[in-house]
Structures are given as structure tokens and as C-alpha cells.
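Peer 1: This is the structure I want to talk about, given as C-alpha cells.
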């Protein structure tokens with residue numbers, strides 16, 4: 001299976017963005033809270049190693065936030081680190097959480 005075949009879906013029943021490969025599922029949990037979307041936890045099994053799945057999950061979550069005009073609250077360390085390394089994404093983060101995004 002090519003990396004391009006790894007499609008992220010939004011599973012509203014489990015509140016997760018998911019990618020499935022065989023019997024394995026990588027996911028980023030989300031919670032909707034008022035004008036925000038919170039990303040508390042991301043899991044990427046070893047089977048997905050080197051395929052950029054974590055980044056695809058973040059990108060899908062951020063695209064949803066943009067489309068629905070939601071503030072992003074990246075409480076998951078992976079989401080936080082991904083956004084922190086990309087200053088162009090900082091504007092999506094809720095103002096209360098931006099201070100921790102500063103990179104040296």
C-alpha cells in the first residue's frame with residue numbers, strides 16, 4: 001500500500017481522526033468545546049512508522065478546525081510540537097495557548 005493510500009477519516013462516533021492499515025489504527029482524539037477543538041491524545045502504532053501518518057492526522061484536524069472556524073487547543077504533545085515548529089499555524093491556536101508555542 002502506498003503512503004498516498006493512507007486516508008484520514010473523521011470518526012464522529014469515537015471522536016477521532018483515524019487512519020487504518022490492516023488491523024492497526026492510528027488516531028488523534030478530539031473534543032469539541034464551544035468555539036474550540038481540543039486535541040488531547042494521538043496514537044500512531046509502529047506499523048505506520050516512517051509514513052508521515054502523525055502529520056496527516058494533525059493536518060486533517062487543523063483542516064477541520066479551519067473549515068469550521070474553531071480555535072485549536074493542542075494539549076497533545078505531538079499536536080503541540082507539530083504546530084510549534086510551523087509559525088504559520090500559530091494563528092489557529094487559541095490565544096490563551098499561544099505563548100507556549102514560541103520557538104527559540
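Peer 1: Looking only at strands (runs of 3 or more DSSP E) that fall completely inside the stretch 18-57, which ones have 3 or more residues that are buried (at least 18 other Cβ atoms within 10 Å of the Cβ), in contact with a helix residue (DSSP H, G or I) (Cβ under 8 Å, 6 or more places away or on another chain) and without any contact (Cβ under 8 Å) to a residue 60 or more places away in the chain?
Peer 2: Per the criteria, 24-29.
Peer 1: For residues in the stretch 70-83 being closer than 16 Å to residue 54 by Cβ and over 10 Å from the mean Cα position of the chain (by Cα), which is surrounded by the most Cβ atoms within 10 Å (Cβ to Cβ)?
Peer 2: The selected residue is 81.
Peer 1: Could you tell me which of the residues 65, 60, 81 is without any contact (Cβ under 8 Å) to a residue 24 or more places away in the chain and either at negative phi or in a helix (DSSP H, G or I) (or both)? Explain how you work it out, then say what you get.
Peer 2: Details: 65 fails: without any contact (Cβ under 8 Å) to a residue 24 or more places away in the chain; 60 fails: without any contact (Cβ under 8 Å) to a residue 24 or more places away in the chain.
Of 65, 60, 81, the one residue that is without any contact (Cβ under 8 Å) to a residue 24 or more places away in the chain and either at negative phi or in a helix (DSSP H, G or I) (or both) is 81.
Peer 1: May I ask you to verify whether residue 50 is at positive phi and more than 12 Å from the chain's Cα centre (by Cα)?
Peer 2: Yes.
Peer 1: Now, a different point. Among the residues of the stretch 84-94 satisfying the criterion of being under 20 Å from residue 34 (Cα atoms) and touching a residue at least 12 places away in the same chain (Cβ under 8 Å), which is surrounded by the fewest Cβ atoms within 10 Å (Cβ to Cβ)?
Peer 2: Going through the qualifying residues, I end up with 94.
Peer 1: Inside the stretch 3-17, can you point out the residues that are exposed (fewer than 14 other Cβ atoms within 10 Å of the Cβ), at pLDDT below 95 and under 14 Å from residue 58 (Cα atoms)?
Peer 2: 7 - this is the single residue of the stretch 3-17 that is exposed (fewer than 14 other Cβ atoms within 10 Å of the Cβ), at pLDDT below 95 and under 14 Å from residue 58 (Cα atoms).
The values are calculated or read from the model by the stated rules, or taken from the named source; none is laboratory data. In this text, all values refer to a predicted model and were calculated from it rather than measured experimentally. No Cβ is skipped: glycine too gets one built from the backbone with ideal geometry, and neighbour counts run over all protein chains shown.
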